[in-house]
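Step one of this worksheet: look at the structure below.
Any read-out appearing in this document is the output of simple, stated calculations on the displayed coordinates, not a laboratory observation. Quick caveat, the model's predicted, so the values are computed rather than measured. Note that we place each Cβ from the backbone using ideal geometry, even for glycine, and neighbour counts take in every protein chain shown.
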Amino acid sequence: MELAYQRVLLKLSGEALMGKRDFGIDNAMLLHYAEEIKSVQRMGVEVAVVIGGGNIYRGVNNENSVIERVQGDYMGMLATVINGMALQSSLESIGVYTRLISAIEMKEVAEPYIRRRAIRHLEKGRVVIFSAGTGNPYFTTDSAAALRAIEIGADVILKGTKVNGIYTSDPEQDSTAEMYDRVTFDEVIDNSLRVMDKTAFTLCQENNLPIVVFNIYEEGNLQSLLKGQQLGSVVSG
C-alpha cells in the first residue's frame, strides 16, 4: 500500500482525554486514541506522539496564583508524562509495542530523550511517545511537537483536534466560517489563523514541515488520511 506519509508526528490534546468528565482521563477516549494509532501503525506507518497535559494541569493563567510561571510549566510537563504513561498502557493493552520518552530524566518510568535511539525505535515499528515537552519552561507541547518532528525527520505533523480543519473563523461561533483545504504558512500569518503557537509554527515554516489539522474524534479519520484521502486542512510552504 502506498502511504501518504511514512513517518508522522501525531499531536494530541490532553484536554480531549477528559471526554465528558471535568478533569482526569476518560477510558473511552484513551482507548479511542490507542485504536486510531494502532490502525495506522499496522499499515507500516512510523508513529511518534506528543500529547498535552491540559486534562490534569492547564498551567498558571491566574496572575494571583502563588505558583510561579517556571514551576507551573514544570508541573505541566509532568502532567504530559502521566498522560504518556496512560497512552502507553492503553496501546500495549491492544498489542502495540511502545516506548515512552521523557525530556526530563525519570528513568523508573521513561527513557531519556536520545534522538538516535528514538529514531531506531520508530524504525523497529514501535510507537514512540514523547513526554515532558522540551524539558524547558516557556515552551508549549506544540513547540515540543514541532521540535521533535524536525529532529526525527518526520514527514508531517498531524494535529488531531475536535474540528475538521482550519477555518476562516471559529466554526462554533460563526456559522458562515469556511474551511481551508490547503493554506500556505504565509497565509496563516497574514490571516491570523490559529494553528499552533508562534514558536512551533515558525519552526515548521523554517524547516518546511507541513502540518495537517484534522478531526481525531471521528473513527477512521487518521487511517483515511494516511491512505491519501483528502481530510482536514494542510499547511505547507
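Quick look at the values:
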item: Relative intensity, log₁₀ I(q)/I(0), of the range 63-152 from a Debye sum that treats every alpha carbon as a point, q = 0.13, 0.26 Å⁻¹; result: -0.44, -1.38
item: Whole-angstrom gap from the range 202-237 to the range 105-119, using each part's C-alpha centre; result: 27 Å
item: Under 5 Å, built H, 5+ apart or other chain: amide partners of residue 156; result: 9
item: Length released on extending from residue 39 to residue 208, taking residue separation times 0.36 nm less the Cα-Cα span; result: 58.1 nm
item: Cα gyration tensor of the chain - equivalent ellipsoid semi-axes, whole Å, descending; result: 24, 23, 18
item: Per-peptide average of other Cβ atoms within 10 Å, ordering 112-123, 130-141 highest first; result: 130-141, 112-123
item: Spin-label proximity, residue 109 to the range 61-93 - amide N less than 18 Å from point 7 Å beyond Cα toward beta carbon; result: 71-93
item: In the range 7-236, lysine pairs with alpha-carbon atoms under 17 angstrom apart (chain gap of 8 or more, or interchain); result: 10
item: MRE, 222 nm, helices only [DSSP H, n ≥ 4, -39500 (n - 2.57), over the chain, to nearest 500]; result: -10500 deg cm²/dmol
item: Extended-chain gain in nm, criterion 0.36 nm per residue less alpha-carbon gap, residue 229 and residue 65; result: 54.4 nm
item: FRET efficiency for residue 197 and residue 1, using Cβ-Cβ distance with R0 set to 35 Å, rounded to 0.05; result: 0.55
